[in-house]
Amino acid sequence: MSENEQILKQTEVDDLANRLFFRLYQSANLMHKCGTKALEDMHITTQQWAVIGALARKGSEAGIAVGELTRFLMVSRQNLTGVLARLERDGLIERTVSPHDSRSRLIRLTSHGRGLWRTDMSTRISGFYEAALMGFSTTDKIHLIHYLDKVLTNMRQLDVDQLEPADL
């Protein structure tokens, strides 16, 4: 293969990767925009939705440490602080003392937050998911999860690789 053919082939590969990541970017933006509309009359943002959903997971009833929540949601502590403050102000979450370490605080849903998740939010979110995944078979959804997991794994590695030695 000549050098020009190699350059052309690499350009095609780069173009495909660019299209793929642009689609991911567009999808994330539209998910945020449409998700916000789905819950706007409840005054719940997509960031709050993500936190409430994480706290509503089975096994999280007693609460989650902020550090664990930041890792699960893949957000910075700074970004999470404001979201948690608003959810706490609105009576949807509470901070409790960890039963394992009295210096540590856990974040958990209040009974009001859990009730909101189980009723209105779950119904609307389910409708949002159904509309967003219209035309996807179960197999399509499983494949999409598989491929997105592969991208996430690679992106996590890039994130670790980009840390400065002082950050480790």
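The values are calculated or read from the model by the stated rules, or taken from the named source; none is laboratory data. In this text the structure is predicted, and so the values were computed from the model without any measurement. We place every Cβ from the backbone using ideal geometry, glycine too, and count neighbours over all the protein chains shown.
Within the range 23-55, which residues are buried (at least 18 other Cβ atoms within 10 Å of the Cβ) and of a type in the set (Gly, Ala, Ser)?
Passing the criteria: Gly35, Ala38, Ala50.
Can you tell me which of Thr119, Thr110, Thr123 is among the hydroxyl-bearing types (Ser, Thr, Tyr), more than 12 Å from Gln48 (Cα to Cα) and surrounded by 14 or more Cβ atoms within 10 Å (Cβ to Cβ)?
Sole residue among the options that is among the hydroxyl-bearing types (Ser, Thr, Tyr), more than 12 Å from Gln48 (Cα to Cα) and surrounded by 14 or more Cβ atoms within 10 Å (Cβ to Cβ): Thr110.
Residues Leu158, Leu148, Leu106, Leu144: which one is closer than 19 Å to Gly67 by Cα and without any contact (Cβ under 8 Å) to a residue 60 or more places away in the chain?
Exactly one residue qualifies, and that residue is Leu106.
Residues being of a type in the set (A, V, I, L, M) and more than 16 Å from the chain's Cα centre (by Cα): count how many of those fall in the range 35-88. Walk me through how you get there before you give the answer.
Within the range 35-88, the subset of a type in the set (A, V, I, L, M) is 38-39, 42, 44, 50-52, 54-56, 62, 64-66, 69, 73-75, 80, 83-85, 87.
Still in the list and also more than 16 Å from the chain's Cα centre (by Cα): 38-39, 42, 62, 65, 85, 87.
Qualifying residue count, the range 35-88: 7.
If you check every pair at least six apart or on different chains, which have Cβ atoms under 7 Å apart with a residue in the range 67-95 that is free of Cβ contacts under 8 Å to residues at least 60 places away in the same chain first and a residue that is surrounded by fewer than 17 Cβ atoms within 10 Å (Cβ to Cβ) and of a type in the set (S, T, N, Q) second?
Thr70/Ser76; Gly91/Thr110; Leu92/Thr110; Ile93/Thr110; Glu94/Thr110
Please list, ordered by first then second residue, the pairs with beta carbon atoms under 9 Å, 6 or more apart or interchain, first in the range 110-136 and at negative phi, second charged (D, E, K, R) and assigned to a loop (DSSP other than H, G, I, E, B).
His112/Asp90; Gly113/Asp90; Arg114/Glu61
Could you tell me which residue of the range 141-168 is modelled with the lowest pLDDT, considering only residues that are more than 20 Å from the chain's Cα centre (by Cα) and either among the charged types (D, E, K, R) or surrounded by 10 or more Cβ atoms within 10 Å (Cβ to Cβ) (or both)?
Ranking the candidates gives Asp167 first.
Tell me, which helices (runs of 4 or more DSSP H) wholly within the range 1-116 include 1 or more residues that are of a type in the set (Phe, Trp, Tyr)? Reasoning before the result, please.
Values: elements: 3-39, 46-56, 66-73, 77-89, 111-116.
Filter on the range 1-116 gives 3-39, 46-56, 66-73.
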